1. Just one of Val24, Val51 is touching a residue at least 40 places away in the same chain (Cβ under 8 Å), out of contact with any strand residue (DSSP E or B) (no Cβ under 9 Å at 6 or more places or on another chain) and among the aliphatic types (A, V, I, L, M); which is it?
2. Is one or more of the residues making up region 62-78 loosely packed, with under 13 Cβ neighbours inside 10 Å and in contact (Cβ under 8 Å) with a residue 60 or more places away in the chain?
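The numbers here are math on the coordinates, done by the rules we state, and not lab data. Note that the structure is predicted; figures quoted are calculated from it, not measured. Positions of Cβ are generated from backbone atoms using ideal geometry, with glycine treated the same way; all protein chains shown enter the neighbour counts.
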Amino acid sequence: MKQTDTPKGYAVKMPGYKSHKAQVQGRLRRIEGQVRGVQKMVDEDRYCIDVLTQVGAVKAALDAVALLLLQDHTEHCVVEAIQAGDGSQKVRELNDAVERLIKGR
């Protein structure tokens, strides 16, 4: 299994973020619009610092989505695994996900 693959064998079929799915989708749609705005700025030859400012805003918005997903994963998937007596694998999975997010910066 590659490091970026999702492990198979989840006990629960629904994602941990189910309660926030609409919120995550809304944020991602706004981010998509922000990215289109950055593309338009480049097309219009806007000042580089202004473009960089908007790139920073997109990154911050993506970080906020990632933190929400991590929170939901911790509060649902990890907690359920711990309660079922199989928490160590989920904790490792969570730590790996956090590490990937940090290294991706």
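1. Val24
2. No, every residue in region 62-78 fails to be loosely packed, with under 13 Cβ neighbours inside 10 Å and in contact (Cβ under 8 Å) with a residue 60 or more places away in the chain.
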